[in-house]
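The values are calculated or read from the model by the stated rules, or taken from the named source; none is laboratory data. For clarity, every value in this text was computed on a predicted model and none was experimentally measured. Please note: Cβ atoms are built from the backbone with ideal geometry, for glycine as well, and neighbour counts cover all protein chains shown. What goes into the accessible areas is simple: the full protein's heavy atoms, side chains included, and nothing from ligands, DNA or RNA. Shrake-Rupley method; radii C 1.70, N 1.55, O 1.52, S 1.80 Å.
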Number of protein chains: 4
Amino acid sequence: MRAFSLLLLSCLSAAAYAETHRLRPAAGHPTFAVRQPVLTVQPGDVLESESLWGEWYEKASGKWPGEVGPIAIQGAEPGDTLVVEILKVRPNRDTAVSTQGGSFGALVPDEGTAMLNETFPRGRYIWKIDRKGMTGTLELPKSAAKSLTVPLRPMLGRVAVAPKGEEEFGGLWPGNFGGNMDAADVREGTTVYLPVFHPGALFYFGDGHALQGDGEVCGSGLETAMDVAFRFGLLKQKTIAQPRFEDAEHIMVAGSARPLSDALRIAFVELIGWLVADYGFDKAEAYQVVSQLAVIRVAQMVDPLYTVVAKFPKKHLPKK
Amino acid sequence: MRAFSLLLLSCLSAAAYAETHRLRPAAGHPTFAVRQPVLTVQPGDVLESESLWGEWYEKASGKWPGEVGPIAIQGAEPGDTLVVEILKVRPNRDTAVSTQGGSFGALVPDEGTAMLNETFPRGRYIWKIDRKGMTGTLELPKSAAKSLTVPLRPMLGRVAVAPKGEEEFGGLWPGNFGGNMDAADVREGTTVYLPVFHPGALFYFGDGHALQGDGEVCGSGLETAMDVAFRFGLLKQKTIAQPRFEDAEHIMVAGSARPLSDALRIAFVELIGWLVADYGFDKAEAYQVVSQLAVIRVAQMVDPLYTVVAKFPKKHLPKK
Amino acid sequence: MRAFSLLLLSCLSAAAYAETHRLRPAAGHPTFAVRQPVLTVQPGDVLESESLWGEWYEKASGKWPGEVGPIAIQGAEPGDTLVVEILKVRPNRDTAVSTQGGSFGALVPDEGTAMLNETFPRGRYIWKIDRKGMTGTLELPKSAAKSLTVPLRPMLGRVAVAPKGEEEFGGLWPGNFGGNMDAADVREGTTVYLPVFHPGALFYFGDGHALQGDGEVCGSGLETAMDVAFRFGLLKQKTIAQPRFEDAEHIMVAGSARPLSDALRIAFVELIGWLVADYGFDKAEAYQVVSQLAVIRVAQMVDPLYTVVAKFPKKHLPKK
Amino acid sequence: MRAFSLLLLSCLSAAAYAETHRLRPAAGHPTFAVRQPVLTVQPGDVLESESLWGEWYEKASGKWPGEVGPIAIQGAEPGDTLVVEILKVRPNRDTAVSTQGGSFGALVPDEGTAMLNETFPRGRYIWKIDRKGMTGTLELPKSAAKSLTVPLRPMLGRVAVAPKGEEEFGGLWPGNFGGNMDAADVREGTTVYLPVFHPGALFYFGDGHALQGDGEVCGSGLETAMDVAFRFGLLKQKTIAQPRFEDAEHIMVAGSARPLSDALRIAFVELIGWLVADYGFDKAEAYQVVSQLAVIRVAQMVDPLYTVVAKFPKKHLPKK
């Protein structure tokens, strides 16, 4: 990511007077789409805000509060790449909720994989969040282990730009615009790169998970509201096809499709393209090297498209 | 795995006079099947041997040397579980080979996913193995990074019992009998559990990889011969449906199917069943807990069936 | 479909003064969405119109003309079923166009099934349409058969209502709202049933194919503009989950998903539910009978979701 | 198929003294594999025999009787194509059995698509066969239609050669060797072409279905024993990759894979290759023409691999 990083630095240095914006979101949106921005920021600016808490978190039949945004990034044009440094993702409530069963989840029939048999019973689990100790605790009344306390790993399920063209995807959808990727890599310290399809990019976020296992197999993580902070940047005239992430250890690509095999293919084809375009790899040699060093995270296998994250270790990237 | 471990200990204590066998394999077998054993061992015994080197490693058109075995474990009966502690997996050659392209690999049309277009060019890459430093080096003449040196993580692509019934699967197949799972978790320090379908279990092994990335996307790891050592055990009348692994950190299940979504489902359904049967979890509560804590490895997406390993952290298992 | 038919008759008899509307569409829409209707009709009314011809049909880089609509059906409410009798689908041009290759089609890598290798060359084929003889002719300069003349079977690739909620799907998408199902059964003499998600239903149509094989494997049929006529009806408070069709021989359900296996499951689960709800079948007995008598059409395997049509022969439905 | 037909004729004329063999099978085999032939025939010879009836047909826990064979065809060598004209497939019993539910079938979780929820109840349905009228009748005590009588369409679920190499597939498997394709096109009047992998080809048959719907979604057709007759031929040094069929109307290819999308791809890639190799089509033009004229049968979506049959109408093949 050095090529990216250098460009980003130049953006940031240009942003000598970078501002910090504070946004207290009122109501969320149920879809990712082109809309009037709630805020416009400059590249280099920081946004401090929070993801939404709502009825869904309070009761079984409650409505999902929706996504926050869109935030317009001044100067973003189709063909650019939006850079979002995630400075903060921290739970701001004392409970988190996970639901399972019904017709949602990787291990039960769902709307995509319909079946004749009875589905798995619905369940709603309330986890207690210790924000100081950063742990979550669940009572397990029916199990030998009567309760379980585990460390949290807060993340954002959804970061997105407005999708290409006039399409408007519901909040459950991931795709090349980002969206509901439910990737545990979208956390503090990670930089997210998203393709820009519309002027201003129109950034959305939401769906905090205090913790989530790989695959999110039951259909939800420890869902709760988060305090968040982002720093925005732009890579002008740098076009990417799929969402990319970068943290201290890896460069990563998120591919979303059904079945899972196809999500993996999308992620790897883009990752190899990245190595070729930005790191001077021959395509066939990149294929060989990626095959020996890649790390794969199955982000989720429950949403309308499944998401796989293909990672390459930065320590094995050539110096530039 | 404490339930397992206790049973295993009792096996081992019975094996007060455990022997160490040394097997220098002559020729390998092209399939996993019921055959006359090359060696019979007692539970508790140790086997020191090596995986096969052959023509395949020497030239592009060379024949695969096949798998070593079968080893019969005295007293193993259908319905039991074979326990294989992996004591050693170490490269014993100075080169390793990886091939890619043609009609094999996750990112090109293959025999399962046929397409009309031209396929990716075949490539054959010779990695230099430093056995002392435990690194591998590949020349990259066409790339900016003219070469790459990386740490090795030796593993066995294939550990198997003879498949159920009269079926006889070629060496490329994984399945509930183990086989060509190409799971990087099958390495020194891991214990492998396999269902027993035939008297003696009839254990096979082979296909050493000095290194392999998740997904093995190009179709092969750093293929080389390995010095190996195993200690065998039996869990009498303990029946499992899919291969299980255990190391210091995780209990794991390997599921094999196409597409990848179905491999993941098989692995998780068995993992949840394991938590219910051996760790006192209620099924719905196990589903919830697994969803928040699971780690997934996509072992490979290139063989006739793809393999996913679902892992649960041992530190969050209840004490027993 | 007798339950349906009776209700429909009562609709129609109410429509004693059924009108025939003529709509010459100006410009089409690129998505299926809630929009201001271009026309409002009563149940029982007939619409005579045509699907759009545009740049796409004239040149390789031409823009798709979009879908005609939406037509509002007075009195349609969420939870109802929209009934569309297809009275006419006839080509109104002397040429039809089919394109193939690139990154679209069932037999090449596409946006959903990305691969590393070079894709299949793009091709653009102009078929000559004989509207009197109802045949199509293609020159085949590179083949032994220097040309091919075949009978036409005109159909509409797209019939839709506005999708549920605020989602807005591009014209290539099929789904439970109908859309780009590319089902050859959507032709003269067929009645289409679509779930109503918004007041007025908001009906769209377009994408005429003078001919299309099962699976539409190259990605397009013989695309041309069509003269069309529809008669609209409503089944009040009759809720269906997926698009249904009915012709002289079969009742049918269209299921759309990736991979194709899941599209088939959706179609059959809905078909069995239909037999249970409207024809007095026990669920298990319906499963048995459907398994012995079903006819399946793979409508298309090229769009963002694939479409399978599951059919049951009307002659084996119980009399009511 | 003219190229084929001419070759076949020359085979047959060579067989001036063609024999008719009668084989009353004793016991069947549970796998498709290389075995000592039960009979050796000459190209041009006719075999009259029957598929096996056994315990499975009599009671719920009964064992499957297995496949008849292998029949060796004198002179068949690897790289040749075996030709099997199906002269007769007729039920020879007064009942047929279909089972459903449990962990087998397209619409319930199965061994390949495991799920957490309870599966669909098992059912066993006894159909009454009228061999004169060629109809089947099922009582439907729980449905409004108290019974159903339908015309039979007898077929063979399994025709196979011994699979390549040393692999040995259980009777439920289809593949490039044929096997359990459950294709309704394998019926009286159809010619089946199978690749030869071993000297003598080693032909197997079994699994008669008096009737079966597309997809065989519940997991079984109207299973019963059949009187059969075949005429064998050979296409020397004609190599095919997948099973092919031919009847009065279509040339066809059967592709077997999971998911269903991949079975379809295999069938079409082979069908287009056939048009190119034997009918003088340019590959791109064949792709175009197949896309407009193909007929697809989803043979079954229940076996370890799913089977799709891609058909091209013979009336649109060029004259040769």
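Could you grab me the full set of residues in the stretch A:304-320 that are in a loop (DSSP other than H, G, I, E, B) and farther than 30 Å from residue A:107 by Cβ? Result: A:317, A:318, A:319, A:320.
Can you confirm whether residue D:127 is farther than 28 Å from residue D:32 by Cα, touching a residue at least 60 places away in the same chain (Cβ under 8 Å) and within 12 Å of another protein chain (Cβ to nearest Cβ)? Here the answer is yes, as residue D:127 does meet what is asked.
Return the residues of the stretch A:259-315 that are at the interface with chain B (Cβ under 9 Å from one of its Cβ atoms), surrounded by 24 or more Cβ atoms within 10 Å (Cβ to Cβ), over 14 Å from residue A:214 (Cβ atoms) and touching a Pro at 6+ places or on another chain (Cβ under 7 Å); say none if nothing qualifies. Matches in the stretch A:259-315: A:259, A:261.
Remark: residue D:225 matches the filter, which requires a residue to be more than 14 Å from every other protein chain (Cβ to nearest Cβ), open to solvent by less than 10 Å² (accessible area, probe 1.4 Å) and within 27 Å of residue C:284 (Cβ to Cβ).
Counting the residues of the stretch A:229-258 that are polar (S, T, N, Q) and more than 14 Å from every other protein chain (Cβ to nearest Cβ) gives 2. Within the stretch C:32-39, does at least one residue satisfy the condition of being within 30 Å of residue D:288 (Cβ to Cβ) and modelled with pLDDT of 95 or more? Looking for residues that are within 30 Å of residue D:288 (Cβ to Cβ) and modelled with pLDDT of 95 or more, one finds at least one in the stretch C:32-39, hence yes.
Look at residue A:139 and say whether it is over 30 Å from residue D:122 (Cβ atoms) and open to solvent by 60 Å² or more (accessible area, probe 1.4 Å). It is true that residue A:139 is over 30 Å from residue D:122 (Cβ atoms) and open to solvent by 60 Å² or more (accessible area, probe 1.4 Å). The criterion of at least 3 residues that are among the polar types (S, T, N, Q) is met by none of the strands (runs of 3 or more DSSP E) falling completely within the stretch C:124-234. Of everything in the stretch D:78-113 that is part of a loop (DSSP other than H, G, I, E, B) and of a type in the set (Val, Ile, Thr), the residue that is surrounded by the fewest Cβ atoms within 10 Å (Cβ to Cβ) is D:113. Restricting the stretch D:148-166 to residues that are without any contact (Cβ under 8 Å) to a residue 60 or more places away in the chain and more than 30 Å from residue C:315 (Cα to Cα) leaves a set whose member that is farthest from the other protein chains (Cβ to nearest Cβ) is D:164. Exactly one residue among A:217, A:186 is away from every other protein chain (no Cβ under 14 Å) and either out of contact with any Leu (no Cβ under 9 Å at 6 or more places or on another chain) or open to solvent by less than 10 Å² (accessible area, probe 1.4 Å) (or both), and that residue is A:186.
Within the stretch C:241-253, being closer than 12 Å to residue C:270 by Cα, open to solvent by 10 Å² or more (accessible area, probe 1.4 Å) and not small (Gly, Ala, Ser) holds for C:242, C:244.
Residue C:111 satisfies every condition listed in (1) modelled with pLDDT of 95 or more; (2) more than 7 Å from every other protein chain (Cβ to nearest Cβ) except (1).
Among the residues making up the stretch A:72-90, those that are more than 16 Å from residue A:207 (Cβ to Cβ) and of a type outside the set (D, E, K, R) are A:72, A:73, A:74, A:75, A:76, A:78, A:79, A:81, A:82, A:83, A:87.
Here residue D:234 qualifies as open to solvent by less than 20 Å² (accessible area, probe 1.4 Å) and within 27 Å of residue D:78 (Cβ to Cβ).
Being in contact with a Lys or Arg (Cβ under 8 Å, 6 or more places away or on another chain), modelled with pLDDT of 95 or more and open to solvent by 10 Å² or more (accessible area, probe 1.4 Å): is that true of residue C:154 here? Yes, satisfied. Of the residues making up the stretch B:43-63, just one is touching a Gly at 6+ places or on another chain (Cβ under 8 Å), part of a loop (DSSP other than H, G, I, E, B) and open to solvent by 70 Å² or more (accessible area, probe 1.4 Å), namely B:63.
Taking the stretch C:157-183, which residues are open to solvent by less than 10 Å² (accessible area, probe 1.4 Å) and hydrophobic (A, V, I, L, M, F, W, C)? Within the stretch C:157-183, C:159, C:160, C:161, C:162, C:177, C:181, C:183 meet the criteria. Consider residue B:145 carefully, then state whether it is open to solvent by less than 60 Å² (accessible area, probe 1.4 Å), aliphatic (A, V, I, L, M) and within 14 Å of chain A (Cβ to nearest Cβ). The answer is yes for residue B:145. Taken together, the criteria exclude residue D:118 from residues that are surrounded by 23 or more Cβ atoms within 10 Å (Cβ to Cβ) and not aliphatic (A, V, I, L, M).
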